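These notes are about the structure you will find just below.
The values are calculated or read from the model by the stated rules, or taken from the named source; none is laboratory data. Just so you know, these numbers come straight off a predicted model, no measurement behind them. All Cβ positions, even for glycine, are placed from backbone atoms using ideal geometry, and neighbour counts span all protein chains on display. Each accessible area value is taken on the protein alone, full model and side chains, heavy atoms only, with ligands, DNA and RNA left out. Shrake-Rupley method; radii C 1.70, N 1.55, O 1.52, S 1.80 Å.
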Amino acid sequence: MPCAETFPDDGAPKWDEANRILTFFVAKGRIVRLTYASFAHPALVETFGVPQWTATAAERDFVIGMAVHGANWLLTPFRPLTLVHATQQPICLPELIKLSIGRNEGAQHADLICRQVRLHGPSSGKFEIEAEWQEWVDELDKEGPERITVKGQLGEIQLPENHPNQFVLSQVVSIQDVDPERPRARADRHELGDTKFRLISYRVRATTRFREYLPPSLYADREKVTRLGPIALGPNYKVGAGDDPGAPVLPDPTRAEDWSRVPASAPPDDPRVLYVVPTFRWQKSESGAVRQVTRLGNGLRVWLDRPWFSSGDGELLGVVLYGDGQYFTAIPKQMQELVTQWGLDPLWETALPSSRTRVTDFPARVTSEAVKLRERPNDAYVQVVGHRVHWDEARRLWYADIELNPGASYMPFVRLALVRYQPNALASAKVSKVVLAEFSQVLPRRRAKLTRNGAQVSLSLYGAAPAHGPMKFPIDSEYSDISFIYGPHETGRNRVELVLQTRDPGLESDLAWKDFKVLGSEVVGGGTSGGLSTLPGGGRWGFFAAPAARAARGRRVELRAGGALTLEPTVDISTEVSIGVRPDIGIDVGIVNLLEPKIWEHAAALPGYGSVPARLMLREFERYYTDRTVPEKRGNAVHQRRVIEERLVYAAIFDL
């Protein structure tokens, strides 16, 4: 056992009669304070006057007896004798054995509670607790977040002579206050100056008690007269790399780190949401003559303004759910604006989205728990699903990628209820107030499968597609001035086309690709019976001759750090390394086909295109009526046919 001492005997003094030497044995670091005195010789004691001053024979015998034993201070006054076994350093390393941290709501300090401090009390004249930690800071006047190292030292604690080796920290701290009128700062209180969460390494540094016995030059060297103990053991946590500022900080029983957890004592600041945009990822596979390209949708990127870490490292973006598995119809009125919801896009006749939210609907989550909302502290617990944040060096912004599973609906609307979430906080300080994001649409999953046999190609497209769209008759008519009962009529379904493209071999640019021939085009979703099946430009007036609607250019946002920038309306995260994003692994093909029905299949022969580079482009368009019309004669009258515009919503490329 550290600091334990064993001796070969009881350590009693030894008297050498021959040499008349008395030897005392003093353990290392001990101070022994004795008193000694001379004694009178029995034959000469009566020559002193003191025995004669007594009134009775009994008193005279007592005085003589005490003098003979050296205990009569009038005859032989005693003197002090101090025996010191000085050591240059404390005998053993000081340790905080059972350390825990206490913190009250809103407190800017942490109370160190240690039920067992172990050191060598006799040789340690004083000790203090040292602290060291690392943390991320995100200051607006800096280019980005920085990792800093911080060191601190708590107050000095003096120990009396021959102090026990084990004791309770609070007890030795309390006896430091000797003057109630002038109280000292407690040496077991760590003043931090804020309410943030931290993982702190605490150690004890003990100093030798015997400064006056050491040369000044030696005592000036701190390391030679002190001992620095090991870091106090704390909970096991997993932290990110030193270059990953947004990494979560979560308990991990598989790791053993010497930290003490100082929880955040105040809620984090509200997140400033700049923009929410759809995300997608691509996966490609090839087996023989079969190639597949899958677009994984159902993702949203939330762009966030600086600064981050208002509650310390590991601050997450939380998605607020009314409950794990709770139906939307169960959400009370007062909670409608405080929890995440999704719903059907009314433009499309498609499968209904999921009617409830579950934690498992968010596969990119890093943690989740039940909390009370600050806006409704007396209401029921809600579920907060934590997502890690990432730093975008180019844009100097934070973002969180949220993957969700709203069901098999086509392009559902999602309204996220977002909070900053600090899992390492007091129960009342885990989340900020709710910030309700704008409505966003998630992109559907698409899987394209190409089989090639020489010049023959066969392509299949899988995924959710609407049965009808915004141009469905009789809700809407093909003409602005009349409606005909008999068809064919528009259905508003999406159109898919397969195009052969070629490129000038001298131009190495995506912009150099040109459509060579349309191999197939069809309106899909729910079949084409009674609907239109046409090529682009088909028909007398060229219904598809109008240019495709221009996609949104993004959003211009003002930044707290100054300036503004434009954020893209969608983000391809295929090449990004995003912790928490889980690719589809080991999913049964039958289940995939059930979730992804085949919506289009086409076989064609490749025409000759020479020796230039070529590729197949698969495109999917949504179709809408515009306010523009073109004249069209029907029967004996000319009517105003409404022009259709298309919006590109999917494209996959197969190189030839």
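Name the residue that is farthest from Glu490 (Cα to Cα), counting only residues in segment 333-371 that are open to solvent by 50 Å² or more (accessible area, probe 1.4 Å) and in a helix (DSSP H, G or I).
Gln334
Looking at Arg301, Arg295, can you tell me which residue is crowded, with 19+ Cβ neighbours inside 10 Å and either among the β-branched types (Val, Ile, Thr) or more than 17 Å from the chain's Cα centre (by Cα) (or both)?
Arg295
Before we move on, is Arg33 of a type outside the set (A, V, I, L, M, F, W, C), surrounded by 11 or more Cβ atoms within 10 Å (Cβ to Cβ) and more than 30 Å from Thr208 (Cβ to Cβ)?
Spelling it out, it is not the case that Arg33 is of a type outside the set (A, V, I, L, M, F, W, C), surrounded by 11 or more Cβ atoms within 10 Å (Cβ to Cβ) and more than 30 Å from Thr208 (Cβ to Cβ).
May I ask you to list the residues in segment 195-230 that are touching a residue at least 60 places away in the same chain (Cβ under 8 Å), of a type in the set (Gly, Ala, Ser) and not in a loop (DSSP other than H, G, I, E, B)?
Within segment 195-230, Ser201, Ala206 meet the criteria.
Here's the yes/no breakdown for (1) closer than 23 Å to Trp348 by Cβ; (2) at pLDDT below 85:
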{"residue": "Glu497", "(1), (2)": "yes, no"}
{"residue": "Arg503", "(1), (2)": "no, no"}
{"residue": "Ser509", "(1), (2)": "no, no"}
{"residue": "Val524", "(1), (2)": "yes, no"}
{"residue": "Gly530", "(1), (2)": "yes, yes"}
{"residue": "Pro536", "(1), (2)": "yes, yes"}
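Identify all residues within segment 470-513 that are open to solvent by 80 Å² or more (accessible area, probe 1.4 Å), outside any loop (DSSP other than H, G, I, E, B) and among the aliphatic types (A, V, I, L, M); write none if there are none.
Once the filter is applied, which keeps residues that are open to solvent by 80 Å² or more (accessible area, probe 1.4 Å), outside any loop (DSSP other than H, G, I, E, B) and among the aliphatic types (A, V, I, L, M), segment 470-513 yields only Leu511.
So is Ala408 of a type in the set (Gly, Ala, Ser), closer than 23 Å to Tyr322 by Cβ and at pLDDT 90 or above or not?
Here the answer is no, as Ala408 does not meet what is asked.
Kindly indicate whether any position in segment 617-628 is more than 27 Å from Trp513 (Cα to Cα), open to solvent by less than 60 Å² (accessible area, probe 1.4 Å), aliphatic (A, V, I, L, M) and assigned to a strand (DSSP E or B).
No; the residues of segment 617-628 include none that is more than 27 Å from Trp513 (Cα to Cα), open to solvent by less than 60 Å² (accessible area, probe 1.4 Å), aliphatic (A, V, I, L, M) and assigned to a strand (DSSP E or B).
Considering each residue of segment 321-355, count those that are under 26 Å from the mean Cα position of the chain (by Cα) and under 13 Å from Leu404 (Cα atoms), and give that number.
Qualifying residue count, segment 321-355: 4.
Tell me, which strands (runs of 3 or more DSSP E) wholly within segment 49-148 include 1 or more residues that are touching a Lys or Arg at 6+ places or on another chain (Cβ under 9 Å) and open to solvent by 60 Å² or more (accessible area, probe 1.4 Å)?
Output list reads 79-84, 109-114, 124-137.
Can you name every residue in segment 372-400 that is open to solvent by 10 Å² or more (accessible area, probe 1.4 Å) and assigned to a strand (DSSP E or B)?
Of everything in segment 372-400, those that are open to solvent by 10 Å² or more (accessible area, probe 1.4 Å) and assigned to a strand (DSSP E or B) turn out to be Gln383, His390, Trp391, Asp392, Tyr399.
Looking at segment 206-226, which of its residues are β-branched (Val, Ile, Thr) and in contact with a Pro (Cβ under 7 Å, 6 or more places away or on another chain)?
Thr208 - this is the single residue of segment 206-226 that is β-branched (Val, Ile, Thr) and in contact with a Pro (Cβ under 7 Å, 6 or more places away or on another chain).
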